[in-house]
Amino acid sequence: MSQPGSSRSPFQEGFAVLREEPLLLAAELTWRWCFGVAAWILALAAAALFLDSVKLSPADRFLLSTLRPSLASTALTHILHGTLLRYVWIKSIVVAGLTVLWCLAAAVGRAASLRNLVALFGEDDRAEEAGWQFRPMFTIHLLRAAWTWTALGCFVGSVFLGSAMLQQQRPASAAFFYVFGIALSLVFGVVLNWFFGLAPLFCIRDQASAREAVSLTLDFCSRQGGRLFAVNVGFLALRAVWALSMFLLVLSPVSLGKHVAVGWILLLMFLLSLIYFAGADALYLARLGAYAALAEIDAQPALDPAPESGAPLNPPLVEWETGSTEFSPST
């Protein structure tokens, strides 16, 4: 792959990655989907463990078998009475386990992808010396996950606090939590999540620690903020178009309900959903390639401006009577 020059578009370079290295997308899908399968298995095992701990009396079985909403609601209330603490503990353990599992999988999978991107865009000696940087990569992804959960907690807390203020007839406080609390949670959550998603590139490219990678990312964003914004807007538009088109395509088998069994319709919708996720991962990988190309463009030294037309490249030499040679002043 050719080295990106300052005139090359990072947007085009990102899609060139998918063309030059198609196995890179296969590797990206492999580690992402392996994590997804493991997450589903862990979540289902936790749900089975919770349901196994719930006691079901014959009266509750009878109320549930009636299929009446009022009776079923009464049975569920009786069944779940006293299980809130157990449910919170199991959910907390599952969330913590999935978070650590995601950080481990992302540290290895993202390092593999970024090492290939550095080899495509970077210099040969840098590509050969690129290590896995497992500990800094794990630290950055752990920070990213922690901040995501923090922003999500602030969002949910703002919603509940706004509802409580509204019930207490305090509209000003409710408006504050609804507007500023929710908006700031979304803005800071999205921005810092994107920032910590960009930092691993410099962790692999410059073989930096987690703190150094964050500092390099800040400097890079300050220098290339405009081009980064343009790249993000372009990929966001593509992602929106892809999501909308695939959403309509995934729902299209519902119209076949009169002619095809429900099981086949669900299977077809599941396969179409996998196609959507594969396309979304391809766009994410292309965006990483665009970031890597832009980082190489940013690292290249700026060319000196060309001299003005008619100006001499070298000033004339004048030999004085003493025999010494000096530059004459420009006229």
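A few comments on the model shown:
- Test: residue in region 203-222 that is within 27 Å of GLU21 (Cβ to Cβ), within 20 Å of the chain's Cα centre (by Cα), touching a residue at least 40 places away in the same chain (Cβ under 8 Å) and open to solvent by 30 Å² or more (accessible area, probe 1.4 Å): no
- The listed residue being farther than 22 Å from ILE140 by Cα and either out of contact with any Lys or Arg (no Cβ under 7 Å at 6 or more places or on another chain) or open to solvent by 50 Å² or more (accessible area, probe 1.4 Å) (or both), out of GLY189, GLY226: GLY226
- Just one of the listed residues (PHE176, PHE180) is among the hydrophobic types (A, V, I, L, M, F, W, C), farther than 28 Å from GLY289 by Cα, at pLDDT below 85 and surrounded by 15 or more Cβ atoms within 10 Å (Cβ to Cβ), and it is PHE176.
- Any chance GLU28 is surrounded by 16 or more Cβ atoms within 10 Å (Cβ to Cβ) and of a type in the set (D, E, K, R): yes
- Among the residues listed as LEU18, LEU23, LEU29, the single one being closer than 21 Å to ALA293 by Cα, touching a residue at least 60 places away in the same chain (Cβ under 8 Å) and of a type outside the set (Gly, Ala, Ser): LEU18
- With a requirement of 2 or more residues that are in contact with a helix residue (DSSP H, G or I) (Cβ under 9 Å, 6 or more places away or on another chain) and open to solvent by 70 Å² or more (accessible area, probe 1.4 Å), the helices (runs of 4 or more DSSP H) lying completely within region 45-158 that satisfy it span 58-65, 69-79, 84-121.
The values are calculated or read from the model by the stated rules, or taken from the named source; none is laboratory data. All of these numbers come straight from a predicted model, not from anything done at the bench. In this analysis, Cβ positions are derived from the backbone assuming ideal geometry, glycine residues included, and neighbour counts consider all displayed protein chains. Note: accessible area is taken over every heavy atom of the protein model, side chains too, but ligands, DNA and RNA are not part of it. Shrake-Rupley method; radii C 1.70, N 1.55, O 1.52, S 1.80 Å.
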